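The values are calculated or read from the model by the stated rules, or taken from the named source; none is laboratory data. Since we're looking at a predicted model, the values are computed, not measured. Reconstructed Cβ throughout: ideal geometry from the backbone, glycine too, with neighbour counts over all protein chains shown. Heads up: the accessible areas ignore ligands, DNA and RNA and are worked out on the full protein's heavy atoms, side chains in. Shrake-Rupley method; radii C 1.70, N 1.55, O 1.52, S 1.80 Å.
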Amino acid sequence: MSDYDALIIGAGHNGLTCAAYLAMNGLRVKVVDRRKVVGGAAVTEEFHPGFRNSVAAYTVSLLNPKVIADLGLHHHGLRIVERRAQNFLPAPDGRYLLTGDGRTHQSIAKFSERDALRIDDFNHELETIADVLRKFVLRAPPDLVEGFGLHAMREAFNALTSANILRGLTLENQRTLLDLFTRSAGDMLDDVFESDLVKALFGFDAVVGNYASPYAAGSAYVMLHHAFGEVNGRKGLWGHAIGGMGAITQAMAASARGHGAEIETDAGVREVIVEGDRAVGVVLDNGKTVRARYVASSVNPKLLYTRLIPADALPKPFLDRITTWRNGSGTFRMNVALGALPSFKALPGEGDHLTAGIILAPSLGYMDRAWLDARQQGWSREPVIEVLIPSTLDGSLAPSGKHVASLFCQHVAPQLPDGRSWDDHRDEVADLMIATVDRYAPGFARSVIERQVLSPLDLERDFGLLGGDIFHGALSLNQLFSARPMLGHAGYRGPLKGLYHCGSGAHPGGGVTGAPGHNAAQVILKDHRGIFT
């Protein structure tokens, strides 16, 4: 007898989404998580008395509107506000680029009239392709299967349906789509624009969370991946969840519990129980056994299959391949308590630009050098940094007159060369990140009251992000769509019966989207109802 119909490993946003959908369809659901709070990497914590911030994930755009509506997240208190300006890119020479409603064209024209004329066409082309690819986000990709039977027939139909969706693109759009999946963002941007800051605006989206140069093949897709989002029905915008990213997962947890799901924290999984060829439950770190008809994992696929499942329970070719699952975002995360707002040399004083994503990476060449430096030395001496100051939009995060900032820093090596440990270099690199911001905004370093520092090793230990990988696996062509996490297992079903993938290591990939959790729940419900089995 099973204790539950479904057991979810991990109470991150995808695990909670999966749990909520299953519970609202009448299944008995339990979620377990090793941390003491729900939310995974999408959490808000007080890191200094009176100062709260989103600890890891830090901004909103990719959260799927269907998930928001189906789970009633606004009913459970979620409120998302738009940035008053979208992006601010200061340059070392004192010039700057500021984007957002009514700002972008005028700002770009200061650098290049040609680029100002081309920006709309480029954005429109990205948006046209993103609109079509959005139709793939909430559906399982075609899965490759051996032999011929009902499963093979289903996947053949899925492939035909997917091909039909792509017919919504013109031939020229399809050529661009091929470029976006295979070319580097740098090469594509060099073909279109001439200004360094304009290219950097898009190039940052190609490297954010991606341990690669903007000139690496496939980096253009990462740029496209970040174009899928919207805020409050407005496509392509980024925003802030009032109360931080934890407000999203707290609302998800409330939705799941409201439909009857049980959520247990401080309950890490020691091992997935396998009987015959089926996953039937888990053993928790405290020795407790929880059995379920279906086991869904929202943790990194490599972590699941190399640490939680006995090796002899898995087909050797599967285990050999998942062992090579590529992780590593090159990410170093910091949260800082500030005594005052920063004042940037390029645009001094307060203003809407301080609500934007502030990108400190003035050219594609700068980003390329940062990656090369990290590969050789362990971290870039001139790092790529995005600064967000969410307290400019949400006064609940800091005491009156004071502020909090998120620093998303790149590039750093997921594992340092020569066997060095991040524990020995964390503060040294944190000092560098603060100093880098200070070069653009003198006085920033003096305004820092306290800081919370998370190296790639800390992100792995605290949140299960192997190598600090925020996507649970690189968004490379061999780890996308029907190959996520592996050819033959893209349909959210693992190699063992009753085992499912509901995390960012499944299609459509990383970011706070809720889409993998939604899609896995639909597959589990079909199997539960005996559809296509």
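Please work out the FRET efficiency for the pair residue 271 and residue 324, using the Cβ-Cβ distance as r and a Förster radius of 30 Å; give the result to the nearest 0.05. Can you show the working numbers first?
Details: r = 23 Å, r/R0 = 0.75.
It comes out at approximately 0.85.
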Going down the list 110/402; 288/316; 110/345; 66/235; 199/345; 302/497, which pairs span over 23 Å between their C-alpha atoms? 110/402; 288/316
With DSSP loop assignment and no more than 11 other C-beta atoms within 10 Å, the trypsin sites (Lys or Arg not before Pro) in the stretch 1-80 are 36
Just to confirm the number: angle between the C-alpha axis of helix 515-528 and the first principal axis of the chain, 0 to 90 degrees, nearest 10? 10 degrees
Can you tell me the relative contact order of the chain? Whole percent, Cα pairs under 8 Å, sequence separation 6 or more. 24 percent
The stretch 436-450 and the stretch 1-80: distance between their alpha carbon centers, rounded to Å: 34 Å
Taking the simple approach of a point 7 Å from Cα along Cα-to-Cβ for both residue 36 and residue 462, what is their distance in nm? 1.4 nm
So, with a 1.4 angstrom probe, what is the percent of accessible area on the chain that is carbon and sulfur? 51 percent
Take residue 431 and residue 311, extend 7 Å from each Cα along the Cα→Cβ direction, and tell me the distance between the two endpoints in nm. 4.2 nm
Which one of 280, 87, 466 is farthest out on the positive end of the charge dipole of the chain, using unit charges on Cβ (Lys, Arg +1; Asp, Glu -1) and the Cα centre as origin? 280
What is the gain in length, in nm to one decimal, between residue 264 and residue 164 on full extension, counting 0.36 nm per residue of separation less the C-alpha to C-alpha distance? 31.7 nm
Tilt relative to the chain, helix 150-166 - C-alpha long axis, 0 to 90 degrees, to 10: 20 degrees
With a 1.4 Å probe and all protein chains kept in place, how do 306, 249, 59 rank by accessible area, largest first? 306, 59, 249
Length gained if residue 84 through residue 179 is fully extended, taking 0.36 nm per residue and subtracting the Cα-Cα distance, is 31.0 nm
Which FRET efficiency, nearest 0.05, do residue 350 and residue 123 yield, Cβ-Cβ r, R0 41 Å? 0.90
Top positive-direction residue, dipole computed over the chain with Cβ charges, set 39, 407, 447: 39
Computed on Cα atoms, the radius of gyration and Dmax of the stretch 65-120 in angstrom are 17.2, 48
For the stretch 166-207 and the stretch 345-379, compute the distance between their C-alpha centroids and round to whole Å. 20 Å
I need the trypsin sites (Lys or Arg not before Pro) found in the stretch 430-533, filtered to DSSP loop residues with at most 12 other beta carbons within 10 Å of theirs. 529
Could you compute the longest span of the chain free of chymotrypsin sites (Phe, Trp or Tyr not before Pro) located in DSSP loops and having at most 16 other Cβ atoms within 10 Å, not counting the site residues? 149-531
In debye to the nearest 20, how big a dipole does the chain give about its Cα centre with +1 on each Lys and Arg Cβ and -1 on each Asp and Glu Cβ? 1140 debye
To the nearest 10 degrees, the tilt of helix 13-24 (Cα long axis) against the first principal axis of the alpha carbons of the chain is 40 degrees
Around residue 394, under 11 Å between beta carbons, what's the net of Lys plus Arg minus Asp minus Glu among the other residues? +2
Determine the sum of side-chain charges near residue 49: Lys and Arg each +1, Asp and Glu each -1, restricted to other residues whose C-beta is under 15 angstrom from that of residue 49. 0
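Given a 1.4 Å probe, how much area per residue of the chain is accessible, in Å²? Provide the component values of the computation, followed by the final result.
Details: 20400 Å² over 533 residues.
Ligands and nucleic acids excluded, the result is 38 Å² per residue.
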What nm value, rounded to one decimal, do you get for the distance between residue 477 and residue 372 when each label is placed 7 Å out toward the C-beta? 2.4 nm
Run the helix sum for the chain: -39,500 (n - 2.57) per DSSP H stretch of 4+ residues, divided by residue count, reported at 222 nm to the nearest 500 deg cm²/dmol. -10500 deg cm²/dmol
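If you take every residue apart from residue 138 with its C-beta less than 12 Å away from the C-beta of residue 138, what net charge results, scoring Lys and Arg +1 and Asp and Glu -1? Walk me through the numbers on the way to the answer.
On the way: positive: 66, 134, 135, 139; negative: 70.
Once positives and negatives cancel, what remains is +3.
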Karplus-derived HN-Hα couplings along the stretch 198-206 (A = 6.51, B = -1.76, C = 1.60, θ = phi - 60°), whole Hz, x at Gly and Pro: 5, 5, 5, 4, 7, x, 4, 5, 7
